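Just so you know, all these numbers are worked out from the coordinates, no wet-lab data involved. It should be emphasised that the depicted structure is a prediction, and the values quoted were computed from it without experimental measurement. Don't worry about glycine lacking a Cβ; one is built from the backbone with ideal geometry, like all the others, and counts go over all protein chains shown.
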Amino acid sequence: MRWRRLRPHRAPTGEESATRDRERMVAEQLESRGLRDEELLSAFRAVPRHRFVESDEAYGDRALPVGSGQTISQPYVVARMTAAARPTSGWLGASVLEVGTGSGYQAALLAEMGAEVISVERHPELAADAAARLSAAGYSDVQVVVGDGSRGWPAGAPYAAILVTAAGPSIPEPLLQQLSTDGGRLVMPIGAREHQLLTLVERHGSDATSRVLDPVVFVPLIGEFGFPAE
Ligand code: SAH
């Protein structure tokens with residue numbers, strides 16, 4: 001007689017199926033497009049994106065609304081941006097500024113990799129919701145602050161990395177000033193309101209070099225060093 005392992009017949013719980021959705025997202029959207037950094041891929045497997053963006057398509061290959069007319073980029077763009085901003089000495093303990101908290105998802109990924117994150121959001125309601133989601137998901141060390149992030153957040157400077165997740169016409173001067181002089185990296189979409197180029201700036205001393213990564217579409221950075229409010 002052969003023994004068969006009996007498996008209980010039950011539907012997977014929401015969390016189990018979310019875990020599977022994340023595995024698939026990482027394999028199909030990130031690894032297959034050439035992203036290989038294991039630390040980054042693990043963070044994408046760990047952070048519950050569905051708790052930040054409330055949509056049936058939380059793990060889909062697309063941008064999604066996050067409230068107040070704002071959107072979060074598709075996972076691949078979030079990953080590209082995060083990979084480009086990685087400090088030479090790694091994320092662990094690195095001080096990082098995010099401009100544009102939105103849902104809090106990007107901030108959670110950075111915190112998952114061990115960064116010390118300050119995230120600035122101009123909409124107070126979005127900031128409050130994001131802070132609540134971050135705490136509920138176990139990322140209560142992320143500091144969410146309300147303000148015009150186009151001016152940066154001088155209190156936490158210098159930053160090893162600055163990620164601007166909204167698009168501006170040019171790199172805001174205060175952000176360059178708040179970037180570490182020792183290889184600090186800033187990633188931001190630069191261009192018109194409707195379409196931009198994801199740009200990486202690296203600072204060494206008083207020198208800053210920049211490189212264009214990908215064409216992208218982000219919501220506008222509204223503020224003193226961004227676009228004017230409509
Ligand atoms: N990184 C977010 C998505 C950001 S969407 C996430 O992971 O979900 C862009 C965000 O930038 C929006 O929430 C918008 O309100 C915010 N924003 C636009 N201009 C800003 C400014 N000057 N300072 C801070 N936040 C700004």
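Using a simple spin-label model with pseudo-atoms 7 Å out from Cα toward Cβ, LEU200 and ALA128 lie 3.9 nm apart. The H on the amide N of GLN74, modeled in the peptide plane, is under 5 Å from the matching H of ALA63, each at least 5 residues off or on a different chain. For region 190-199, 3J(HN,Hα) computed residue by residue from phi via the Karplus equation (6.51, -1.76, 1.60; θ = phi - 60°) reads 10, x, 8, 4, 8, 7, 8, 10, 5, 10 Hz, glycine and proline entered as x. The equivalent ellipsoid of region 9-126 has semi-axes of 22, 19, 13 Å, largest first, where each one is the square root of 5 times an eigenvalue of the Cα gyration tensor. Most tightly packed first, judged by the mean number of other beta-carbon atoms within 10 Å of their residues, the peptides 195-208, 95-108 read 95-108, 195-208.
Taking 37 °C and 0.692 mPa s as conditions, the chain diffuses translationally at an estimated 182 µm²/s according to Stokes-Einstein applied to its Kirkwood radius (Cα pairs). Of the peptides 66-72, 30-36, the ranking by mean beta-carbon count within 10 Å, highest at the top, reads 66-72, 30-36. The per residue volume of the convex hull around the alpha-carbon atoms of region 61-129 is 79 Å³.
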